[in-house]
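S.K.: Next up is a structure, given as structure tokens.
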Amino acid sequence: MKKYFWMVFAVAVLAACGGKDTPQPTESLTLSVAPQELSFSATESVSKLVVVTSNGDWTVSSTESWIHVNSGSGSGKGSFSVSVDVQDKAEDRSGSVQVSASKGSDSKAATISVKQSGAVVSVDVVPAPAAFDGTKRASTTYQLLIYSFADSDGDGVGDFKGIQNKLDYLDGLGVTALWLSPAHPSGSYHGYEVSDYAALNPLYGTEEDFKALLDAAHAKGISIYMDFVLNHSGTGNEWFKSVTANPKDSPYNDYYVISDNPDAGAVDNFAGTTNPGMGRWFPVLNSGIRKESLHFKLDWTGSKKKVTVSRTTESVQSSNPDTHVQRYIYFGNDKLYRLYETSSNIYEITVDYDSDWGFLVRTSSSSWSAGTKYGGNKYKTGAGVVKLDVPYELEVSVENGYDPGNLVPEGYCYFGSFGESMPDLNYGKYTECENSPVFKATVDAAAKWVNMGVDGFRLDAVLWIYQAQLAANQRFLDQWYQAVNKAYREAGHADNIFVVGEAWEDHSTEKQYYKGLISNFEFNYGGMVSGMLGNQNAGGYVTAVNSYVTDHTAQRADAVTSFFLTNHDQDRFAEWVGKSAAKEKQAAALLLSGPGKPFVYQGEELGYYGTKSNGDEYVRAPILWDRAGTDCAKKGVNNKVDTGMLKADISVEAQQEVEGSLLNVYKTWSRLRNTYPALAEGTMTKAGLSGTSIAAWYMTSGSQKLLVIHNVSSSAKEVKVTDSMAKPVGLLGKASVKEQTLTLGANSSVVFEL
């Protein structure tokens, strides 16, 4: 019975549980993926893992060819990785990966979003400067040679009307002032031998022509500065003619440095010095020739070689025929005498001296090399005037030119710092210079031109007014400036007149002339720029430029630093940089993107080259206005022109048609300077960008701030820049930006507005 019970019970339990053939419920399909979004950079090459959780089978596929998965399928929980191709395009891109799962008849899908950022590409710098508002603020002056700039009447000499006819050209250059070469009557083509300070050279036109030029220039916002020669006049001046006619009693004797005994030493105009340092004495009456028998003794013993000149009654000698002796006296006009060796290393000769030239000691009859001290073959005395019977130590004479020692002429003599044709003016004791008659005469002449409309003056050779005596020159210039400024104010001007001096000295001396004048030329600048471009090292540029400006304002608060590359007395800047167009263009950009008052010399904007070796005319070439040269003022430089340079492609006409020409670089950067007050009037501060070839600075005026960067290397350079480069306004050459890296091409420059 018990056995039967348990059997019945087991059957019942099995029946209750469904038994072996009872249908079971089905589990639903599950699918999840993590993460659901993948992000890649443009250059990212690392695969990223995706985890799949499912109770079914799954497969993977991508929608884009640039998306790759490392596994196409799986079952249950698993994973796969996703990678993308590196891209070089700037645009972002997106795609997806699909995961599909199935179980029986059930299926599910999941999407993984894949995004890739665009590549950081190098973007070319394209300047977009603000529109020029028509207000000239650049303070750029164009140095213009009247005689060789533009000829209006076909006589081959430049003139006032010629300048007036080219004012549109000058206006297009963006200049705000013209410095005219001396406009007065003169005994020389260049005008520095002034015959009348109150008159105009008739070759250039009439006073009416000059007034018309002034008015037309002013209408275009262009000021006119006259070149004024205060150190000397020309011998054709009526003042000097009166002196030569009556050197003892002329009413104009006090106008010049005249003495009947120049051998005696100092005169008032030398500010107390007994050695004027430059120039020589010339006789007033006898055409400068000194004629008498003189004995020359040359002592070639010891470490110092000396020469002594004495008056003598001994018989004159012919040149020593002994060719073994190589010691000579030379006094111009091919007058060369070989000396006699009278004892060991003592050489002497007596000659009929008839020259106004002075003399040189030579050690060769054919070579003119200066060489090193006692290693060359031409020597001079170190004295401004050679006195009789005094031994003088010999010095090396200059390489270019003869640079003779000076013999004191007889009788009434006048002093000329720059030669016989340019007698020095005498302003008397510097402590009383404003009372001298010639001081008053030059001020009166300057006042005449101010009243006609002249806006300023460039003063020639201010170092030599008192023979490089600093205190004397400072006081003289201050007194003259005040007197002319008074006339300028009385003519109705509210500001002070602009006057710039040619204090041709090293910066340490030049800066001190600001105690006399509001501005002086910074002669160190052009050489610094050419040197920087030559050695491709810009490390000290910003510091030097800032020191020039601050040194000047330390002398006077209203100081204006006048920067320039070269002028009419120097070899052309193009020669300094090996006629490299790239360097000439960058020099223009450097000049026009910094502080101070820039001066551009006639022809510099066209790439004129030339040296003074064959004459000054070759660095004062006329402007070639058209390819044919139909109105080229060649006669203004005595037809001494380099026809190899003045070819059609250097002309204004040709360069105006070429976008990247040097002329158009000057126009572009001058316009930029006129447009942005920060460039024209701003303060320069150094920007901390690395690279020996990089010159970088900020120019700031009020709320406007610009970043200026120049690469002076002959190859491209990368520069890390922390400032925004989103607003380029100026460009020379090539530049590109990639993130915060600026790539500047060879001799390239860029300006960003911040």
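The values are calculated or read from the model by the stated rules, or taken from the named source; none is laboratory data. From a predicted model like this one, the values you see are computed outputs, not experimental measurements. Cβ atoms come from the backbone with ideal geometry, glycine included; neighbour counts cover every protein chain shown.
S.K.: I'd like the full set of residues that are surrounded by fewer than 16 Cβ atoms within 10 Å (Cβ to Cβ) and not β-branched (Val, Ile, Thr), limited to region 545-567.
M.R.: SER547, ALA554, ARG556, ALA557, ASP558
S.K.: Looking at region 606-628, which of its residues are without any contact (Cβ under 8 Å) to a residue 40 or more places away in the chain and surrounded by fewer than 19 Cβ atoms within 10 Å (Cβ to Cβ)?
M.R.: ASN614, GLY615, ASP626, ARG627, ALA628
S.K.: So which of GLU193, GLU207 ends up being in contact with a strand residue (DSSP E or B) (Cβ under 6 Å, 6 or more places away or on another chain), of a type outside the set (A, V, I, L, M, F, W, C) and at pLDDT 95 or above?
M.R.: Going through GLU193, GLU207 in turn, the sole match is GLU193.
S.K.: State whether the residues of region 227-241 include one that is touching a residue at least 40 places away in the same chain (Cβ under 8 Å), of a type outside the set (Lys, Arg) and closer than 30 Å to GLN655 by Cβ.
M.R.: Yes, region 227-241 contains a residue that is touching a residue at least 40 places away in the same chain (Cβ under 8 Å), of a type outside the set (Lys, Arg) and closer than 30 Å to GLN655 by Cβ.
S.K.: Hey, another quick one. Name the pairs: first residue in region 571-596 and closer than 20 Å to LEU707 by Cβ, second residue of a type in the set (Lys, Arg) and surrounded by fewer than 24 Cβ atoms within 10 Å (Cβ to Cβ), Cβ to Cβ under 7 Å, at least 6 apart or on different chains?
M.R.: none
S.K.: Kindly provide the set of residues from region 719-741 that are touching a residue at least 40 places away in the same chain (Cβ under 8 Å) and either touching a Leu at 6+ places or on another chain (Cβ under 9 Å) or of a type in the set (A, V, I, L, M, F, W, C) (or both), ordered by number.
M.R.: Across region 719-741, the qualifying residues are MET725, LYS727, VAL729, GLY730, LEU731, LEU732, GLY733, LYS734, ALA735, SER736, VAL737.
Residue by residue, here is whether (1) more than 23 Å from the chain's Cα centre (by Cα); (2) in a loop (DSSP other than H, G, I, E, B); (3) surrounded by fewer than 17 Cβ atoms within 10 Å (Cβ to Cβ); (4) not hydrophobic (A, V, I, L, M, F, W, C) holds:
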| position | (1), (2), (3), (4) |
| --- | --- |
| LEU689 | no, yes, no, no |
| ALA695 | no, no, no, no |
| MET699 | no, no, no, no |
| HIS710 | no, no, no, yes |
| THR722 | yes, yes, yes, yes |
| VAL729 | no, no, no, no |
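S.K.: With of a type outside the set (Val, Ile, Thr), surrounded by fewer than 21 Cβ atoms within 10 Å (Cβ to Cβ), at pLDDT 95 or above and not assigned by TED's automatic domain parsing to the domain that holds ILE709 as the only criterion, which of SER593, SER580 stands out?
M.R.: SER580
S.K.: Follow-up. Of all residues in region 467-491 being without any contact (Cβ under 8 Å) to a residue 12 or more places away in the chain and of a type in the set (D, E, K, R), which is surrounded by the fewest Cβ atoms within 10 Å (Cβ to Cβ)?
M.R.: GLU490
S.K.: For THR561, indicate whether it is at pLDDT 95 or above and either touching a Cys at 6+ places or on another chain (Cβ under 9 Å) or not in a loop (DSSP other than H, G, I, E, B) (or both).
M.R.: So THR561 passes the test.
S.K.: While we're on this one: Among (1) within 22 Å of ASP254 (Cα to Cα); (2) of a type outside the set (Asp, Glu); (3) free of Cβ contacts under 8 Å to residues at least 24 places away in the same chain, which single condition is ALA494 missing?
M.R.: (1)
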